[in-house]
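Scroll down for the structure; my scribbles are underneath it.
The values are calculated or read from the model by the stated rules, or taken from the named source; none is laboratory data. Only a predicted model underlies this, so the values are computations on that prediction, with no experimental measurement involved. Here the Cβ positions follow ideal geometry from the backbone for every residue, glycine too, while neighbour counts run over all protein chains shown. Quick note on the areas: whole protein, heavy atoms, side chains included, nothing else; ligands and nucleic acids left out. Shrake-Rupley method; radii C 1.70, N 1.55, O 1.52, S 1.80 Å.
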Amino acid sequence: MKLVAVINQKGGVGKTTISANLGHALSQKGKHVTLVDLDPQGQLSASLGLFRPPSHGIDEVMLNGATVDSVNVSTRESLMLVPAGVNLGGVEKHASEGVKRALLLKQGFERGMNDMDYVMIDCPPSSGLLMANAIMAADEVLIPVTGDYLGLNGLAHLLSTLKQFERLRQRPLERHVLLSRLVARRRLSKEVVEKLKNHFPGKILATTIREAAVLAECPGAGRTIFEYRPNSVSAKEFTTLAEDFIEGRMMS
Ligand SMILES: Nc1ncnc2c1ncn2[C@@H]1O[C@H](COP(=O)(O)OP(=O)(O)OP(=O)(O)O)[C@@H](O)[C@H]1O
Ligand SMILES: [Mg+2]
């Protein structure tokens, strides 16, 4: 089982969109996937069609030591979801308990998730306790970055945060970057790609996800791109992204 945290403290870069659609794409490739909605706003659950998700989910794991398999729900074939739960927002309020929460999260995944290939955690924006807990528990971080300078600004900060966590964890953390919401025609995007390649040599997933109106329409319908527009360019992008992800195919 590989535990992947989808992180970026910047809002709106595509974390939730990528979690839902890459998760579904991986499950269509025959992988067993569990998606975790670690954002108290519950947008990942809504994106998968659970507009009124169960009231308990990952909050029970982090607050009361429940195991993940006791709070997950089946959403598609081979695609499970752990909703946020109504008390998840409360986790952020008790910073002093951060280490305990991280431990409970890690243990919650270790028990009962052995038959999973991938667990992907959709983190909230901001570099608060929830993101910290996810990083501590994860094997790998997947960082969506948008193709503009603003999208790059926070990256140095994120990188130093990751280094700090790596020291705390005492085990390495794999990093992968994903170019998201790319507007290919913009020159700016190309410059950003070059900069990113310098920052993350050999760590940028080969497939980029372009800005596309259909992707923004999916969450409102509670469907992934494979259900909403299966023949779209975006659906194809997510399918090849899933292959990159499985095979470790990076931008040269
Ligand atoms: N490639 C894309 N093309 C068009 N719209 C997109 C794309 N990716 C995401 N969006 C839209 O942009 C908005 C923000 O995306 P998303 O919610 O995935 O970002 P996020 O990083 O999870 O945000 P937050 O930090 O607030 O959780 C959403 O309305 C989403 O539908
Ligand atoms: Mg989100």
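Details
- Based on alpha-carbon atoms, the Kirkwood radius and the radius of gyration of the chain give Rg/Rh equal to 0.94.
- Sequence-separation-based contact order of the chain, relative, with Cα cut under 8 Å and 6+ spacing, percent: 26
- Taking a straight Cα-Cα cut-off under 22 Å and skipping sequence neighbours fewer than 8 places away in the same chain, the lysines within cross-link reach of K15 are K2, K29, K31, K106, K163, K190, K195, K197, K203, K236.
- The 3J(HN,Hα) values that the Karplus relation (6.51, -1.76, 1.60; θ = phi - 60°) gives for segment 30-40 are, in residue order, x, 8, 8, 10, 10, 9, 10, 8, 9, 10, x Hz. Gly and Pro appear as x.
- Net lengthening on full extension, A221/Q164 (0.36 nm per residue, minus Cα-Cα): 16.6 nm
- Rounded percent of accessible protein surface that carbon and sulfur make up, the chain, 1.4 Å probe: 51
- Within-11-Å neighbourhood charge of E174 [Cβ basis; K, R +1; D, E -1]: +1
- Probe 1.4 Å, accessible area per residue of the chain, Å²: 44
- Among residues other than V13 with Cβ under 11 Å from its Cβ, the summed charge is +2 (Lys and Arg +1, Asp and Glu -1).
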